[in-house]
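The values are calculated or read from the model by the stated rules, or taken from the named source; none is laboratory data. Predicted model, so just to flag it, every value in this text is computed and none were measured. Neighbour counts run over all protein chains shown; Cβ positions are idealised from the backbone, glycine included.
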Amino acid sequence: MADKNENSLKAIDQIRKEFEERIQTAGSTEELDAVHRDFLSKKGKISRLFGLIGKVSPEERPRVGARLNELRQHAQSLLDEKRSSFDKQAKPVEEFDPTLPGREFPFGAIHPMMQVMDEIKTIFAGMGFRIEEGPEIETDYHNFEALNIPEFHPSRAMQDTFYLPDKMVLRTHTSPVQIRTMESQKPPVRMIAPGRCFRRDTPDASHSPTFYQVEGLCVDKNVTFADLKGVVTAFAQKLFGEDIKVRFRPSFFPFTEPSAEYDFSCFCQGKGCAVCKGTGWLEISGAGMVDPAVFGFVGYDPKLYSGYAFGMGIERIAMLKYKINDIRIFYENDIRFLEQFKMVR
Ligand code: PHE
């Protein structure tokens, strides 16, 4: 009998070893299922061991029973442990949901001023104009003197600016690029010069101390005021449509003679609105025939050549185009404003 008892305990230990080996090598939940089936199901090896209880001596039964219960619990907890370690590894895969919509990234947009600028450049490039640039910090000579605006000339008062040492100024208009271009190129010249300008103006709905202009200059033999009117009108129609009208009014600039200011008809079509203040016209900027005195400064022969020049405020044009009634909004960096100018994706 003692032998039988001994053998029973040995058999239990044997199965325990076998079970532990299987659990150790199991590499998937399917293998764990198989281990469970082979050992813990009704006909599994551990379950069948319980039959031994009836075969051992009555005194030994509690010991064998306890050993068996302990083995069953031990087996179950090893299985559970291994299964949950598999679950943990698998978790990230389970959490990934390929049906979720993608994350949206905010897209940048080109500033409305730059969009208008690009459009203006494209139109003039199409009419044979080159694009020139000049510095924002200008010499007093290029900004005023060579444009026939001597020191103490009253027209300087309208273009009060920020003055720097050594007779340098923040340029008040893009007209100095006329001078720089003529200094470095021989006629014929046909160019536009877009860029930032500065004036000591108090900001309000139509003034900003920083603003943008596009200068235009055409110098050749036999250039006339009719060419100027034709080019400005063609530009206006390309930008705003065939229906737009352009009118010229007499004006004065020291660097053009004769001089004019020109207006575009307002999008309210003359009915009168807040943007045109009821007049039906929007002032764009100045223009005229290049003054022979300016040719004198750059060494062009005024007997051989003539030319026209014009300037325009880009904000004005952008305001017209997008029906904006306050210039300051261009410079506030308000996302709610800028977002409206996103390109269509
Ligand atoms: N530079 C002038 C201004 O800013 C505009 C202008 C440009 C006038 C070219 C005539 C010719 O007011």
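Take the residues in segment 17-47 that are free of Cβ contacts under 8 Å to residues at least 12 places away in the same chain and within 60 Å of the chain's Cα centre (by Cα); name whichever of them is surrounded by the most Cβ atoms within 10 Å (Cβ to Cβ).
Among those that are free of Cβ contacts under 8 Å to residues at least 12 places away in the same chain and within 60 Å of the chain's Cα centre (by Cα), it is 31.
Show the residue pairs that are 6+ apart or on different chains and have beta-carbon atoms under 8 Å apart, the first residue being within segment 274-285 and farther than 12 Å from residue 319 by Cα and without any contact (Cβ under 8 Å) to a residue 12 or more places away in the chain, the second being of a type outside the set (S, T, N, Q) and surrounded by fewer than 16 Cβ atoms within 10 Å (Cβ to Cβ).
Within 8 Å, the pairs are 278/272.
Could you grab me the full set of residues in segment 262-273 that are crowded, with 18+ Cβ neighbours inside 10 Å and free of Cβ contacts under 8 Å to residues at least 40 places away in the same chain?
263, 265
Mind telling me which of the residues 175, 155 ends up being surrounded by fewer than 19 Cβ atoms within 10 Å (Cβ to Cβ) and within 11 Å of the ligand (Cβ to nearest atom)?
Just one listed residue meets the conditions, 155.
Give me the pairs: first residue in segment 208-220 and assigned by TED's automatic domain parsing to the domain that holds residue 132 and under 9 Å from residue 330 (Cβ atoms), second residue assigned to a loop (DSSP other than H, G, I, E, B) and within 13 Å of the ligand (Cβ to nearest atom), beta-carbon distance under 8 Å, and six or more apart or on different chains, which are they?
Close Cβ pairs satisfying both conditions: 208/201; 211/199.
Residues checked against (1) in a strand (DSSP E or B); (2) under 22 Å from residue 208 (Cα atoms); (3) more than 10 Å from the ligand (Cβ to nearest atom); (4) in contact with a Lys or Arg (Cβ under 8 Å, 6 or more places away or on another chain):
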site: 276; (1), (2), (3), (4): no, yes, yes, no
site: 279; (1), (2), (3), (4): no, no, yes, no
site: 283; (1), (2), (3), (4): yes, yes, yes, yes
site: 287; (1), (2), (3), (4): yes, yes, no, no
site: 295; (1), (2), (3), (4): no, no, yes, no
site: 302; (1), (2), (3), (4): no, no, yes, no
site: 311; (1), (2), (3), (4): yes, yes, no, no
site: 317; (1), (2), (3), (4): no, yes, yes, no
site: 320; (1), (2), (3), (4): no, yes, yes, no
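Taking the condition crowded, with 21+ Cβ neighbours inside 10 Å and closer than 26 Å to residue 197 by Cβ, does residue 217 pass?
yes
Can you find, within segment 322-333, the residue that is farthest from residue 210 (Cα to Cα) among those that are away from the ligand (no atom under 16 Å from the Cβ) and under 22 Å from the mean Cα position of the chain (by Cα)?
Looking at the filtered set, the residue picked out is 322.
In segment 335-345, what residues are out of contact with any helix residue (DSSP H, G or I) (no Cβ under 7 Å at 6 or more places or on another chain) and surrounded by 11 or more Cβ atoms within 10 Å (Cβ to Cβ)?
Across segment 335-345, the qualifying residues are 338, 339, 342.
Can you confirm whether segment 160-175 contains a residue that is in a helix (DSSP H, G or I), assigned by TED's automatic domain parsing to the domain that holds residue 116, without any contact (Cβ under 8 Å) to a residue 60 or more places away in the chain and over 18 Å from residue 121 (Cα atoms)?
No, segment 160-175 contains no residue that is in a helix (DSSP H, G or I), assigned by TED's automatic domain parsing to the domain that holds residue 116, without any contact (Cβ under 8 Å) to a residue 60 or more places away in the chain and over 18 Å from residue 121 (Cα atoms).
Counting only residues that are away from the ligand (no atom under 12 Å from the Cβ) and of a type outside the set (Lys, Arg), which one in segment 208-224 is farthest from residue 113 (Cα to Cα)?
By that ranking, first place goes to 222.
Go through the residues of segment 291-298 one by one and say whether even a single one is within 40 Å of the chain's Cα centre (by Cα) and at pLDDT 95 or above.
No.
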